[in-house]
Amino acid sequence: MTITINSIAAHADPASATDQNNHNSALRFITCGSVDDGKSTLIGRLLVDSRAVLQDHIAGVTRSGEVDLALLTDGLSAEREQGITIDVAYRYFATEERKFIIGDAPGHEQYTRNMVTAASQADAAVVLVDATKLDWQNPHLQLLAQTRRHSLLVHLLRVHSLVFAVNKLDAVADPALAFAHIRAALAQFAQDAGITVAATVPVSALKGWNVVDAQAGWCGYQGPTLLQVLEQLPNQPTDTALPLALPVQWVEKTASASANTSQGRRVFWGRVAAGVAQVGAQVQVFPSGQRATVAQVLDHARRPQDVAAGLSAGVVLDREVDVSRGDWLLAAPQAVQAAEDDFDTPAPQSPWPGQRELQATVAWMDDEPLVAGRVYWALHGHRWVKAKVRRVVHQLDIHTLAAQDAAELAPNAIGHVELLLQEPLPAAPFTRARVLGAMILVDTASHKTAGAVLVN
Amino acid sequence: MNARTDTAALQPAAHHLSNRHLDALEEETIFILREVAAAFERPALLFSGGKDSLVMLKCAEKAFGIGHIPYPLLMIDTGHNFPEVTDFRDFRAEELGAELIVRSVEDSMARGTVRLAHPGESRNVHQSVTLLEAIEEFRFDALIGGARRDEEKARAKERIFSHRDSFGQWQPKAQRPELWTLFNTRIAPGEHFRVFPISNWTELDVWQYIARENIALPQLYYAHQRQVVERRGLLVPVTPLTPPKDGEQIETRTVRFRTVGDITCTCPVESPAASAHDIVIETLAAEVSERGATRMDDKTSEASMEKRKKDGYF
């Protein structure tokens, strides 16, 4: 699609604007790939060709009359001095279809820390593949380690959509053959790893082919451009089909201005982690175990309505119960269906039982290694508890995610650990419920965010 | 009180601009505003009366209800503000029932903690000193600001919860990873956080939201006649603080301000846009960034904002 000022302005015009687009929430995506793969150039190309870069910024990166796209993405003076990218930068552009937020994570040695940071917020990831670095004439070519690594990390963090952008095809002798072989290798790798691929697009970031503007038929490819793919990708699905779980962020002590809120009742605000907050639902407070019924649900802006996972809700209960920040409102326990010959009625079970011992995958971010025996602060939902690392089970090979023996986790390593919590938490596997399965570990002395925890 | 925008002037059709991405931005902002209220003991919200802080205040109104904003509003006054903006600031704080604290650079100058190189120097950069003094005076542990990542390269790198040491310094190389929405708000005594709830908004989002929510703004934001001189491609307003230089021609132009700050370093742009909707359309077609078009002080060095942030600036 060609993007022009007029078409954007026409879209914004009240007379022609419609709310029919159901995918016009902003898409947050990250770009992966090492510096030489042309990542900065690709981002620069997306920004420039979609007119997100204004003249004064373009003038700032013009050297000898040539626009250096890569310079657009290196913001800090230390980065320009050293020619490296230090940290995740967030960039914005919009087409008439959609707003985009790019989490631009550097591909350098601190890749794990930065990638995990950026990927934790992302709906999608674009993994850049440099065609010139591959033995493209070989139909059974080997992918680069970083392609596998980045894809596996994105998969581990449950980023919903993965797009391969095969770059620098303008610089190989037979781009159609190269693209066919690389695409086949990517598909085989993804299948072996259990990764679903949303699209594989041949691009030239330098020349701008298939990034924003289509280069029809190039490399034998007739599909959508990278931007068109991004415009159509879904947002990260939320865990709405699960039993309700809401971490209490803030307790509103006085009656709110909302007319329907009963006088004197407290409103428990928080972003729904799983399920749907709806009137009439039976809930149990974690950890106190008190039961209540949901009397009213407000959305983030205090309008009465049911609220699904991923959005903030204000919950009013039908009775006074003791609830503080850090507690959870969980779906009340359900009676377990007993077998016909079982005369004992089993006790109802919470759909989100408390856990004190956790097996977890940890992406280690601190400069000090993670060592068994140390106690950290853990933040889960809005609750802080002490967590002791009981054992490093093993480290994951960063290229294959295969298990290796290890006694500690070095900076940027990923591994499996056993954690012992000071108090139980309603933690659940990250693969089942993102919010309930995610924690951070914080160093008790330095207060640094030291680890990203995915509950197994 | 004539600073308030006549809301009838906002086109009734502006609500058609509503769309899901504004709802998502609003939701995120409200989530962050509540997190600050709950996680910190003595937070404050930086409030200048400008459009970004008015958008934040609108979100705070939704987050907490009118009359219930659980932190004071803090203004660092350079003494060089447009009166329409300070009037509007006072009006809006009273309307919301919020406590307003004003601390001024002139008081810091009287104390001797701010020394100007020459009397005409912009006081904008010296706000950091007064700000840090206010932080110490009130022992604030979190300051909410309306900065956006699209404004400036250094901002694009900053976290939503940005840790500052006891000198108020930002250390870009030692930022805490910000994972999911698990915000690590732990600090040692004397340290504090700067929190940016509208980090992910762009100038366009802000104007779309102003149009959608009928947010009243100081009239300076809309087209008006003003005496200006052209200087190095910028339109410099003619005021007692910014008189014309020798040989400069005073002209009356139809202008509006894209950003409103210290008089000595804020320039209007030529524009006939009389409503938020007009500005949305104009912003879509803009060729120059907000800061590039309007700020005299950012041009001195490519890294001026980064340097100032490291020194404790917002």
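Can you spot a residue in region A:429-452 that is among the basic types (Lys, Arg) and without any contact (Cβ under 8 Å) to a residue 60 or more places away in the chain? No, region A:429-452 contains no residue that is among the basic types (Lys, Arg) and without any contact (Cβ under 8 Å) to a residue 60 or more places away in the chain. Only one of the listed residues (B:94, B:99, B:27) is within 14 Å of chain A (Cβ to nearest Cβ) and at pLDDT 90 or above. That residue is B:27. Scanning region A:163-207 for residues that are open to solvent by 10 Å² or more (accessible area, probe 1.4 Å) and among the small types (Gly, Ala, Ser) yields A:171, A:173, A:176, A:180, A:184, A:185, A:187, A:193, A:194, A:198, A:199.
Of the residues making up region A:339-347, one or more are modelled with pLDDT under 95, among the small types (Gly, Ala, Ser) and either part of a loop (DSSP other than H, G, I, E, B) or exposed (fewer than 13 other Cβ atoms within 10 Å of the Cβ) (or both). Scanning region B:171-189 for any residue that is out of contact with any strand residue (DSSP E or B) (no Cβ under 6 Å at 6 or more places or on another chain), part of a helix (DSSP H, G or I), in contact (Cβ under 8 Å) with a residue 12 or more places away in the chain and within 27 Å of residue B:100 (Cβ to Cβ) turns up nothing. The condition (being within 18 Å of the chain's Cα centre (by Cα), facing another protein chain (nearest Cβ under 10 Å) and of a type in the set (Val, Ile, Thr)) is satisfied by just one residue among B:181, B:185, B:202: B:202. Within 20 Å of residue A:382 (Cβ to Cβ), within 14 Å of chain B (Cβ to nearest Cβ) and surrounded by fewer than 19 Cβ atoms within 10 Å (Cβ to Cβ) - does that describe any residue in region A:313-324? Within region A:313-324, one or more residues are within 20 Å of residue A:382 (Cβ to Cβ), within 14 Å of chain B (Cβ to nearest Cβ) and surrounded by fewer than 19 Cβ atoms within 10 Å (Cβ to Cβ). The set of residues from region B:195-230 being assigned to a strand (DSSP E or B) and either in contact (Cβ under 8 Å) with a residue 24 or more places away in the chain or out of contact with any Asp or Glu (no Cβ under 8 Å at 6 or more places or on another chain) (or both) comprises B:195, B:224, B:225, B:226, B:227, B:228. Listed conditions (1) assigned to a helix (DSSP H, G or I); (2) modelled with pLDDT of 65 or more are all met by residue B:253, apart from (1). Give, as residue ranges, the strands (runs of 3 or more DSSP E) completely inside region B:45-157 that count at least 1 residues that are open to solvent by less than 10 Å² (accessible area, probe 1.4 Å). Counting at least 1 such residues, we get B:73-77, B:142-144.
The values are calculated or read from the model by the stated rules, or taken from the named source; none is laboratory data. What you are looking at is a predicted structure, and each value in this text was computed from that prediction instead of being measured. We place every Cβ from the backbone using ideal geometry, glycine too, and count neighbours over all the protein chains shown. Calculation scope for accessible area: heavy atoms of the full protein, side chains included, ligands and nucleic acids excluded. Shrake-Rupley method; radii C 1.70, N 1.55, O 1.52, S 1.80 Å.
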